[in-house]
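Participant: Sending over a structure as structure tokens; questions will come in a sec.
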Amino acid sequence: MIFRRKMYDTLLKWKKEEKGASAILVKGARRVGKSTVVEEFAKNEYKSYILIDFVESGDEVNSLFKKYLRDLDTLFMFLSSIYHVPLYKRESVIIFDEVQNFPRARECIKYLVADGRYDYIETGSLISIRENVRGISVPSEEYSVYMYPMDFEEFCEALGEERMTEYIRDCFDKEKPLDSRLHDSAMLLFREYLLVGGMPQAVSTFLDGGKNLALADRQKRRILNLYRDDIMKIGSAYKLKVASIFDKIPATLSKHEKRVVFSEIGKGLSADDCDEPIFWLSDSMICNVCYNCNDPESGLARNEESSFIKCYMGDTGLLVSLAFGEKELEKNDIYAQILHGSLSVNQGMLYENVIAQMLTASGFPLFFYNHYSEEKHRNDIEIDFLIPETGTLNRKISPIEVKSTKRYSTKSLDTFAEKFGKRIVRNIVIHPGVLKKDGDRLYIPPYMTFCL
């Protein structure tokens with residue numbers, strides 16, 4: 001099943017604006033749909049295309065980039081012959097799929113782009129990890145973009161609910177709540193997204209099976225096993241730390257503070273001991289890492305504290321499968337509890353993870369704020385997310401609190417607003433209720449997060 005992805009529009013813009021002046025590299029975690037959307041784009045937008053899958057290409061193809069880089073006529077002749085595809089000047093594209101498996105091809109981009117005959121699209125999982133680019137010169141002619149799991153809008157469109165997301169956006173822009181019946185429908189869509197996630201194979205299985213959550217779960221577990229295999233292939237001493245952080249994500253997010261405690265990964269470990277494992281998980285895009293900002297302003301990255309981090313799964317559907325065993329999901333009727341918003345434990349973890357996923361898909365880097373009170377011997381301010389507000393002067397921000405139930409307190413947000421009021425554009429509470437405004441505080445349902 002082919003889904004419409006926003007990456008297609010990104011590729012269209014690149015083709016129109018660059019006109020062969022650069023190659024485009026689509027980065028993303030495994031199974032987010034990079035190869036599918038790139039090949040669909042090539043079929044529709046070019047007269048012909050060659051897809052070189054460097055997982056299966058072998059020496060016959062790989063050796064060509066070593067032998068004939070200075071003789072491109074011969075290189076293209078061989079590629080056209082091997083793949084049985086004619087190439088047309090300025091009307092063909094060559095796709096380097098999973099290019100991290102043969103970094104030499106990526107290094108050749110400089111010469112291929114300079115030649116100017118064809119367009120080039122690269123896809124890569126784990127591609128920017130240091131061990132995958134060691135020893136090669138990364139081309140400046142390469143334009144990089146990030147692809148994430150299907151976002152909420154893409155998920156709704158896959159379910160034939162385009163009008164719903166249009167209505168949601170219109171209501172957000174007008175700062176008015178959805179009709180109560182449509183709010184309930186939108187919340188159900190949101191909870192389906194939370195359960196299924198945005199991995200295209202899981203979504204396709206879910207729909208093909210008549211919205212069968214158990215079938216989608218099996219597909220997600222296969223993806224989790226692929227991720228574990230990737231982790232165990234890391235050629236560095238820290239791979240066991242990566243595996244430990246990955247497997248502990250549900251337990252970590254179930255805690256009140258939700259931050260990674262490094263001593264729990266290994267006895268005596270500190271943040272410095274885990275910077276490379278955290279980098280790997282973030283750079284692979286398997287996880288979305290959220291940093292503590294100790295002095296909140298729009299230049300959030302300048303004030304990040306790397307010893308205090310939260311580690312979210314890149315896809316919340318995968319988190320559900322990682323957090324609950326197959327038998328646990330069926331025996332305890334967890335699907336029904338989540339769909340009805342009545343899960344007694346872990347619902348806050350799932351909500352916070354999916355909001356992190358939605359903010360990341362919208363282009364926001366993730367930051368949070370914690371303040372420890374020496375007097376009270378505990379954190380007295382805990383803000384889930386901070387986002388910079390574009391188009392504002394004086395580096396202003398908006399703090400976000402995520403609430404998974406209808407009964408909650410906003411004490412932390414109240415205190416934060418008192419302390420940093422001059423830096424705040426609006427205080428945002430994401431909750432299961434409808435949109436409402438109270439002064440400079442905006443309450444929105446979780447399905448509106450993509451509108452921020």
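Participant: Taking the options I234, I223, I245, name whichever one is over 17 Å from C311 (Cβ atoms), of a type in the set (V, I, T) and open to solvent by less than 20 Å² (accessible area, probe 1.4 Å).
Facilitator: Checking each option against the conditions leaves just I223.
Participant: Name the one entry in S236, S185 that is small (G, A, S) and in contact (Cβ under 8 Å) with a residue 40 or more places away in the chain.
Facilitator: S236
Participant: Determine the pairs where a residue that is over 14 Å from V196 (Cα atoms), located within segment 218-230, has a partner that is open to solvent by less than 10 Å² (accessible area, probe 1.4 Å) and hydrophobic (A, V, I, L, M, F, W, C) with Cβ atoms under 7 Å apart, the partner being 6 or more residues away or on another chain.
Facilitator: Filtered contacts from segment 218-230: Y227/I286.
Participant: Could you list all residues from segment 202-230 that are outside any helix (DSSP H, G or I) and of a type in the set (D, E, K, R)?
Facilitator: Scanning segment 202-230 gives a single hit, K211.
Participant: Report every pair of residues separated by at least 6 positions or lying on different chains whose Cβ atoms are under 7 Å apart, first residue within segment 348-367 and farther than 21 Å from K255 by Cα and in contact (Cβ under 8 Å) with a residue 12 or more places away in the chain, second outside any helix (DSSP H, G or I) and hydrophobic (A, V, I, L, M, F, W, C).
Facilitator: Within 7 Å, the pairs are L359/L366; L359/F385; L359/I387; T360/L366; S362/L452; F364/I387.
Participant: Turning to a different aspect of this structure: Could you list, in sequence order, all residues of segment 157-197 that are under 20 Å from the mean Cα position of the chain (by Cα), open to solvent by less than 20 Å² (accessible area, probe 1.4 Å) and farther than 16 Å from L213 by Cα?
Facilitator: Within segment 157-197, just T165 meets the criteria.
Participant: Being open to solvent by 70 Å² or more (accessible area, probe 1.4 Å), in contact with a strand residue (DSSP E or B) (Cβ under 8 Å, 6 or more places away or on another chain) and either more than 20 Å from M150 (Cα to Cα) or among the aromatic types (F, W, Y) (or both) narrows it down to one of K19, K47, so name that one.
Facilitator: Details: K19 fails: in contact with a strand residue (DSSP E or B) (Cβ under 8 Å, 6 or more places away or on another chain).
Answer to the selection: K47.
Participant: Pick out, from segment 231-299, the helices (runs of 4 or more DSSP H) lying fully within it that include 3 or more residues that are within 21 Å of the chain's Cα centre (by Cα), under 27 Å from D380 (Cα atoms) and modelled with pLDDT of 90 or more. Working first, answer last.
Facilitator: Details: elements: 239-247, 249-254, 275-283.
It comes to 249-254.
Participant: Right, here's the next one. Quick one: in segment 1-16, which of the residues that are under 13 Å from E45 (Cα atoms) and more than 17 Å from the chain's Cα centre (by Cα) is surrounded by the most Cβ atoms within 10 Å (Cβ to Cβ)?
Facilitator: By that ranking, first place goes to L11.
The values are calculated or read from the model by the stated rules, or taken from the named source; none is laboratory data. Values in this document were obtained by computation on a predicted structure and should not be read as measured data. FYI the Cβ positions are ideal-geometry reconstructions off the backbone, even for glycines, and counts take in every protein chain you see. When the accessible area is computed, the model is the full protein with side chains, heavy atoms only, and any ligands, DNA or RNA have been set aside. Shrake-Rupley method; radii C 1.70, N 1.55, O 1.52, S 1.80 Å.
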